[in-house]
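J.: First, the structure itself, so that you have it in front of you.
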Amino acid sequence: MIYKVVNTPEADEDLLRLAKNEPKVFLKAMKFIEELREHPKTGTGHPEPLKKYI
């Protein structure tokens with residue numbers, strides 16, 4: 001199942017700015033967004049629970 005990720009207008013502006021000024025960071029952000037669409041509850045890396053809520 002693929003989920004829908006909705007960007008705010010501010011997020012779209014930020015992504016456009018990244019694409020222009022920081023293309024490598026933009027590609028990482030797009031990869032992350034695509035990962036969220038495919039499986040939002042799991043992910044790459046080793047996430048830690050927030051210590052505030054433990």
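Where a number appears in this text, it was derived from the coordinates with a stated rule and is not lab data. The structure presented is a predicted model; accordingly, all values stated were derived computationally and were not measured. Backbone-built Cβ (ideal geometry, glycine too); neighbour counts: all protein chains shown.
J.: Mind checking the angle between helix 23-38 and the chain's longest principal axis? C-alpha axes, 0 to 90 degrees, to the nearest 10.
T.: 50 degrees
J.: So what is the calculated 222 nm ellipticity per residue for the chain, using -39500 (n - 2.57) for each DSSP H run with n of 4 or more, over all residues, to the nearest 500 deg cm²/dmol? Let's see the in-between values first.
T.: Working: 2 runs with 29 residues, N = 54.
The helix-only estimate for the chain comes to -17500 deg cm²/dmol at 222 nm.
J.: Summing Lys, Arg as +1 and Asp, Glu as -1, what charge do residues with Cβ under 15 Å from the Cβ of Pro23 carry, Pro23 excluded?
T.: Working: positive: Arg17, Lys20, Lys24, Lys28, Lys31; negative: Asp14, Glu22.
For residues surrounding Pro23, the net value is +3.
J.: Moving on to the next point. Taking all pairs of distinct Cα atoms, average 1/r, flip it, and tell me the Kirkwood hydrodynamic radius of the chain in Å to one decimal place.
T.: In the chain this quantity evaluates to 12.9 Å.
J.: Pull up the cross-link candidates among the lysines for Lys41, meaning alpha carbon to alpha carbon under 18 Å and not fewer than 8 places away within one chain.
T.: Within the straight-line cut-off, Lys41 pairs with Lys4, Lys31.
J.: Another one. Counting alpha carbon pairs within less than 8 Å and at least 6 residues apart, what relative contact order, in whole percent, applies to the chain?
T.: Normalised by residue count, the contact order of the chain is 45 percent.
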